[in-house]
Amino acid sequence: MPFVCQLDFMHVIVHGGAGSPPESPADRQETLTEAAEQAIESEHPMNAVLAALRPLESDPAFNAGIGGAVQSDGEVRTDAGLMTHDGQIGAVCAMSGIVHAADVAYSVATETPHVLLAGDEAIEFAAGSGVETGRDLTTAETRQRYEAAGPPDGGPADHLDWVHAHFSGTDTVGAVATDGDQLAAATSTAGRWYALAGRVGDVPQVGAGFYADDRGGASATGEGEAIARFGLARRAVELLDTYGPRQAAEEAIAEFEDATGGRAGVIVLDRAGHTGAERNTAAMQTARR
Ligand code: ASP
């Protein structure tokens, strides 16, 4: 049984995605810091991670919710996953028009017997549980970026050729929080730029984009296909058997790189509130409280 203690206050670590250095790092850092500050006001770690993710999902500077990556058909589709140390899990994927995908993941965890809901039915479920739907997730900048790539106009084969030529990008958001007793991890994304319409990455897959158990929790970001193949978030938490969170994150990324050659980042938090973060990309901004 890992060391567990009731901490005096909520501890949280938040990330704003692993990838290339962002254009306005100072603004993004301020948003991440505010997100972490809001999170620690929460009573329960599940509410803390949602409080951290909401402002990031609303901010076009991050790849989740508004301003998120656009798929081959011009649509932004959001995915999220959330898990607690005692095995509550909710995930959603391929949702158009939903900014706060992590809130829908929470509803799946707390209101259904399921782990993952997808597509139109996930959107209907979100509306029924009071999450706002029908939002335009594009911005002038993302519409221009999509148009600049010369969108495919043929059938599935043309879309696939176009994806092979353009597929790129990362910058998802995630958070892990604990009060020393309960712990929750969550990740939210619009996926990767110029992916095939309907593509779903690591983020809503348990153990890939998010994971939590008695030892701690993790949220991953980066090349979702590689992260899913390796199971990055779960591996980072497993490594807490041997290491503290900082080394667990470092070791997980080293193993991930060896196994897949991919690019990613991961944040880790144990139930005593210690944090770790590692990446093999050029940048990954985090905030801790
Ligand atoms: N991992 C996300 C995905 O592949 C992208 C990201 O981290 O920004 O969907």
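Points to keep in mind about this one:
- Just one of the numbered conditions (1) assigned to a helix (DSSP H, G or I); (2) in contact with an Asp or Glu (Cβ under 6 Å, 6 or more places away or on another chain); (3) more than 17 Å from residue 116 (Cβ to Cβ) is not true of residue 228: (3).
- Among the residues of region 159-199, the one identified as surrounded by fewer than 21 Cβ atoms within 10 Å (Cβ to Cβ), within 12 Å of the ligand (Cβ to nearest atom) and within 25 Å of residue 115 (Cα to Cα) is 199.
Condition check ((1) within 16 Å of the ligand (Cβ to nearest atom); (2) modelled with pLDDT of 95 or more; (3) farther than 21 Å from residue 204 by Cβ; (4) over 13 Å from the mean Cα position of the chain (by Cα)) across all residues:
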| residue | (1), (2), (3), (4) |
| --- | --- |
| 3 | no, no, yes, yes |
| 37 | no, yes, yes, yes |
| 62 | yes, no, no, no |
| 71 | yes, yes, no, yes |
| 76 | yes, yes, no, yes |
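- Some residue of region 108-122 being touching a Leu at 6+ places or on another chain (Cβ under 8 Å) and hydrophobic (A, V, I, L, M, F, W, C): yes
- Against the list (1) crowded, with 23+ Cβ neighbours inside 10 Å; (2) more than 12 Å from the ligand (Cβ to nearest atom), the condition residue 151 fails is (1).
- Flag if residue 223 is within 20 Å of the chain's Cα centre (by Cα), of a type in the set (D, E, K, R) and closer than 23 Å to residue 282 by Cβ: yes
- Matching residues in region 224-258 - criterion: being within 11 Å of the ligand (Cβ to nearest atom) and either surrounded by fewer than 24 Cβ atoms within 10 Å (Cβ to Cβ) or over 15 Å from residue 15 (Cβ atoms) (or both): 225, 226, 228
- Residues satisfying the stated conditions in region 127-143, i.e. surrounded by 11 or more Cβ atoms within 10 Å (Cβ to Cβ) and not acidic (Asp, Glu): 127, 128, 129, 131, 133, 135, 137, 138, 139, 142, 143
- Residue list for region 269-283, restricted to those being more than 16 Å from the ligand (Cβ to nearest atom) and either assigned to a helix (DSSP H, G or I) or β-branched (Val, Ile, Thr) (or both): 275
- Strands (runs of 3 or more DSSP E) enclosed by region 104-219 - at least 2 residues per element that are under 24 Å from residue 278 (Cβ atoms): 173-178, 183-189, 210-213
- Reported count of residues in region 85-102, each being under 15 Å from the mean Cα position of the chain (by Cα) and either over 15 Å from residue 45 (Cα atoms) or surrounded by fewer than 24 Cβ atoms within 10 Å (Cβ to Cβ) (or both), is 10.
- Flag if residue 69 is crowded, with 24+ Cβ neighbours inside 10 Å, closer than 25 Å to residue 183 by Cβ and touching a residue at least 12 places away in the same chain (Cβ under 8 Å): no
The values are calculated or read from the model by the stated rules, or taken from the named source; none is laboratory data. Everything numeric in this text was worked out from a predicted model, so none of it was measured. FYI the Cβ positions are ideal-geometry reconstructions off the backbone, even for glycines, and counts take in every protein chain you see.
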